[in-house]
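Have a look at the structure below, then the notes.
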Amino acid sequence: MKVLLAGGAGYIGTHTAVEMAAAGYDVVIADNFYNSKPEAVRRVEALVGKKIPCYLLDVANKKQLSEVFEKEKIDVVVHFAGLKAVGESTRIPVAYYRNNLDTTLTLLEVMQEQGCRRLIFSSSATVYGEPEKLPLVETMKPGFCASPYGWTKWMIEQILRDACKAEPDLSVVLLRYFNPIGAHESGTIGEDPQGIPNNLFPYIAQVAVGKRPKLSIFGNDYPTKDGTCVRDYIHVVDLAKGHVKAAAYAMEHDGLETINLGTGVGYSVLEMVQAFERINGVPIPFEFAPRRPGDVPECYADASKAKELLGWEAEKTLEDMCRDTYRWQSMNPQGYPES
Ligand code: NAD
Ligand code: UD1
């Protein structure tokens, strides 16, 4: 069975490549390296012990993408290829809509022309908007997104829903990720943000290795257990394994399914900082700062559908998440080297 990982050189794609290969899939990657480096793919090859065909292309380029499908005879696609920085998406929204929608539309067209009918899509818990009730269940209506990035996910979900209605042989699994953190336990692959990290864990990791002096905690007056925001953090290796299960499901079923990938447990920012300090034995200096616009106080998944439908549930602990993040950051304080 051959899987194409579109955007597979990135953070979640590389971890998924390792788990897909371990499950017996032949892995093919297509990426334009806009937010990743070729070294990441070489590290995946070292972990899985074989060459991975890797195509340098824009997934929105129909001609080049068609050539990959003709050559590789792809059975199932996982679509990671998108821009994902929430703040940046408010500054250059058109680029976000252009890239994230175009990659999806091109993939759908090429898959139809080439007879590939199985697609897994990287969606986000951000499509729930401001939660009316917790935990978040897939049957809840998608909400009002806080950013153009979020709207691209919302729109792509709708495009895929419509495509599945019109093409009964198409199979799509929308995976709504909660907050992926952590790294492969080898410490050789992990998250490599460009510039100042936007997300909590990469920021904490850079403070831990002395790259940044202190963390700003955005808001300590939320109506939560300790005043800081609560999120459902999930280890990226668990998340990657969820894709393996989703691909197996898509091989057997037509139509569309929407599935949360989270743990079902919420931790506050302060709890995450304290856990990181305790588990790794490093201080994380912090200060409280004003709330960040667009943040919701609490967000965590009802993770039961993934268990029932895919036989998947998160296995790794908060300790694993903290330890593996620190190992990756300590072994690669500057991230991946340039090519
Ligand atoms: P990432 O930026 O590390 O990986 C995305 C990859 O796609 C990068 O390697 C990038 O170079 C590539 N890419 C982007 N546009 C492309 C294009 N037009 N053609 C070819 N390649 C292209 O991000 P990630 O954290 O691995 O996330 C993967 C997917 O999951 C994204 O779609 C993201 O929006 C979604 N997601 C991520 C998170 C998260 O917290 N990381 C949460 C929810 C959803
Ligand atoms: C963010 C995005 C979400 C996206 C997800 C994965 C926003 C509003 N949401 O989720 O759309 O799907 O990333 O990429 O950006 N925090 C700090 N200090 C920091 C960084 C973060 O206190 O330096 C806090 C935030 O206020 C939040 C929590 O840590 O309460 C988690 O933040 P983050 O890691 O950015 O994830 P989300 O905001 O949940």
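The values are calculated or read from the model by the stated rules, or taken from the named source; none is laboratory data. This is a predicted model, so every value here is computed, not measured. All Cβ positions, even for glycine, are placed from backbone atoms using ideal geometry, and neighbour counts span all protein chains on display.
I'd like the full set of residues that are in a loop (DSSP other than H, G, I, E, B) and within 10 Å of ligand 2 (Cβ to nearest atom), limited to segment 294-327. Reasoning before the result, please.
Quick first cut of segment 294-327, residues in a loop (DSSP other than H, G, I, E, B) only: 294-297, 300, 302-303, 311-317.
Residues satisfying the conditions are GLY294, ASP295, VAL296, PRO297.
Table: residues versus (1) buried (at least 17 other Cβ atoms within 10 Å of the Cβ); (2) among the β-branched types (Val, Ile, Thr); (3) part of a strand (DSSP E or B).
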| position | (1), (2), (3) |
| --- | --- |
| PRO213 | no, no, no |
| GLY242 | yes, no, no |
| TYR249 | yes, no, no |
| GLN274 | no, no, no |
| ILE284 | yes, yes, no |
| PHE288 | no, no, yes |
| ARG292 | no, no, no |
Quick one: what pairs do we get from segment 60-78, first residue at positive phi, second crowded, with 18+ Cβ neighbours inside 10 Å and not polar (S, T, N, Q), C-beta under 6 Å, 6+ apart or different chains? none
Out of everything in segment 175-208 that is within 13 Å of ligand 2 (Cβ to nearest atom), polar (S, T, N, Q) and part of a loop (DSSP other than H, G, I, E, B), what residue ends up being modelled with the highest pLDDT? ASN199
Scanning segment 147-168 residue by residue, those small (Gly, Ala, Ser) and within 16 Å of ligand 1 (Cβ to nearest atom) turn out to be SER147, GLY150
Given the conditions (1) touching a strand residue (DSSP E or B) at 6+ places or on another chain (Cβ under 6 Å); (2) surrounded by fewer than 16 Cβ atoms within 10 Å (Cβ to Cβ); (3) of a type in the set (A, V, I, L, M), and given that LEU119 satisfies all but one, which numbered condition is not satisfied? (2)
Complete set of residues in segment 95-136 that are within 12 Å of ligand 2 (Cβ to nearest atom) and small (Gly, Ala, Ser): SER122, SER123, SER124, ALA125, GLY129
Inside segment 41-146, counting only helices (runs of 4 or more DSSP H) that do not spill past its ends, which hold 3 or more residues that are away from ligand 1 (no atom under 14 Å from the Cβ) and of a type outside the set (Lys, Arg)? 62-72, 93-114
Does CYS164 qualify as being surrounded by 14 or more Cβ atoms within 10 Å (Cβ to Cβ) and within 9 Å of ligand 2 (Cβ to nearest atom)? no
Inspect all residues belonging to segment 209-227 and state whether any of them is modelled with pLDDT of 95 or more and within 13 Å of the chain's Cα centre (by Cα). no
Pick out the one residue from ASN220, ASN179, ASN198 that is surrounded by fewer than 20 Cβ atoms within 10 Å (Cβ to Cβ), among the polar types (S, T, N, Q) and either within 16 Å of ligand 1 (Cβ to nearest atom) or more than 22 Å from GLY294 (Cα to Cα) (or both). ASN198
